[in-house]
Amino acid sequence: MTGLERELFCAFEALQSAYEQQHKAWQESYASLASMYESTKREAESSREAAKRLTWQVDGLTQQVDGLSKQLEGLTGLVSKLQKKGNTGS
């Protein structure tokens, strides 16, 4: 093997080693990104479910407030009638 052939062979081995290192780093990065994607996907689904539950709770509370408001209006009207009746009866 001549000196030039040895130099070319060493350069080839260096390039091959660099390629293998870069390829391994790329594979590790890809695996990490895939893992982060799956984790983010699960967290997003969990957040969507939590938002649905909160929406249902808010809807239920809104209905309760509306019902209580109507009851209060009825009681206020009744108190007003009783006060008028009491004032006219005196």
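Could you tell me how many of the residues in the range 1-44 are in a helix (DSSP H, G or I) and touching a Phe, Trp or Tyr at 6+ places or on another chain (Cβ under 8 Å)? Steps first, please.
Quick first cut of the range 1-44, residues in a helix (DSSP H, G or I) only: 3-44.
Restricting the remaining residues to those that are touching a Phe, Trp or Tyr at 6+ places or on another chain (Cβ under 8 Å) gives none.
Residues flagged as in a helix (DSSP H, G or I) and touching a Phe, Trp or Tyr at 6+ places or on another chain (Cβ under 8 Å) within the range 1-44 amount to 0.
Within the range 17-24, is even one residue charged (D, E, K, R), within 30 Å of the chain's Cα centre (by Cα) and at negative phi? So that I can check it myself, show each step before the final result.
Kept after step one, since they are charged (D, E, K, R), are these residues of the range 17-24: 20, 24.
Filter once more, so that each one left must be within 30 Å of the chain's Cα centre (by Cα): none.
Checking the range 17-24: not a single residue is charged (D, E, K, R), within 30 Å of the chain's Cα centre (by Cα) and at negative phi.
One residue is enough: does the range 54-66 have a residue meeting the conditions assigned to a helix (DSSP H, G or I), modelled with pLDDT under 95 and β-branched (V, I, T)? So that I can check it myself, show each step before the final result.
So the first thing to find is which residues in the range 54-66 are assigned to a helix (DSSP H, G or I), and the list is 54-66.
Pick out the ones that are also modelled with pLDDT under 95 and you get none.
No, there is no match, as no residue in the range 54-66 is assigned to a helix (DSSP H, G or I), modelled with pLDDT under 95 and β-branched (V, I, T).
If you scan the range 1-27, which residues turn out to be surrounded by 10 or more Cβ atoms within 10 Å (Cβ to Cβ) and of a type in the set (A, V, I, L, M)?
L8, A11, A14, L15, A18, A25
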Problem set entry | Check on E49, of a type in the set (D, E, K, R) and more than 23 Å from the chain's Cα centre (by Cα) | no
Exercise. Which pairs do you get when a residue that is modelled with pLDDT under 95, found in the range 1-30, comes within reach of a residue that is surrounded by 10 or more Cβ atoms within 10 Å (Cβ to Cβ) and not hydroxyl-bearing (S, T, Y), reach meaning Cβ atoms under 9 angstrom, with the pair 6+ apart or on two chains?
Worked result: M1/F9
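The values are calculated or read from the model by the stated rules, or taken from the named source; none is laboratory data. The shown structure was predicted, so the numbers you read here are calculated from the model rather than taken from an experiment. Heads up, the Cβs are rebuilt from the backbone with ideal geometry, glycines too, and the neighbour counts pull from every protein chain shown.
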